[in-house]
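Below is one structure, written out as structure tokens; comments come after it.
The values are calculated or read from the model by the stated rules, or taken from the named source; none is laboratory data. Keep in mind that this is a model prediction, so the values were computed, not measured. Cβ sites come from the backbone with ideal geometry, for glycine too, and all protein chains shown count toward neighbours.
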Amino acid sequence: MNTIYILWLRQLKRYFRSRARMIGSLGQPILFLVALGFGLGPIYTKAGGGNYIQFLAPGIIGMSILFTAMFSGIGVIWDRQFGFLKETLVAPVSRFTIMFGRTLGGATEAMLQGLVVFIIAFAIGFRPVSWLTFPLAFVFMFLIAVLFTAFGTALASKLEDMQGFQLIMNFVIMPIFFLSGALFPIEGTSTILSTIASLNPLSYGIDGLRGVFVGAQFSHFGLALDLGVLFFVTLVFLALGSYLFSKIQI
């Protein structure tokens, strides 16, 4: 338990020390909220969809958590290249404990980033239907963060260097985001897009956040299914990430 706490604290210290990273990672969410929220908002309203900022904000919060969590997991590659990972792995504790501590630290970073984006969204007009739903929103944010930190760790465990980073960015992270229903309603889309969205774990996280923040009637899958699928997939990726991390050669 001590080791998990130390690794969690180490991850957070690295996050808070990197102010440029913290500020830079807010650029994309702000761009999406402002450019899409106000640019496509009038069109969305005329089409009968209501307030687009209300629809968009949960998706951008989910996006922020996704990117931060994945990059935190992929940070294993940096640690391996600069020797930090070797120092950690020689500690007299199991690799599962090390992976779990890193994952909790990365997930906490991602949740903090999601909260900052929520504050920004609130400043430009987003309003949750009830503040009483925040505990459930935290559950969804935590599950998204743990899931994709573990996923990032699993990917990083199979990569030797950062040469595969662009591959991960273009063929893993961006499709997961754009095909999650974060920017557009899943209802009414083509069968192919709807099927892909239903297989995308982020879809359930964003759908859950939207249902919690905006109202259960705006949840496409239903909050119970969102929570169940997200919890199950998180456990699967934690197990996968732990297994692949235990096989890392240093």
- part of a loop (DSSP other than H, G, I, E, B), hydrophobic (A, V, I, L, M, F, W, C) and within 23 Å of T68 (Cα to Cα), is that true of F213? no
- Message: Checking S194 against (1) assigned to a loop (DSSP other than H, G, I, E, B); (2) farther than 17 Å from A69 by Cβ, only one condition comes out false. Which one?
- Response: (1)
- Single match in A35, A110, A91 (criterion: under 19 Å from T153 (Cβ atoms) and modelled with pLDDT of 80 or more): A110
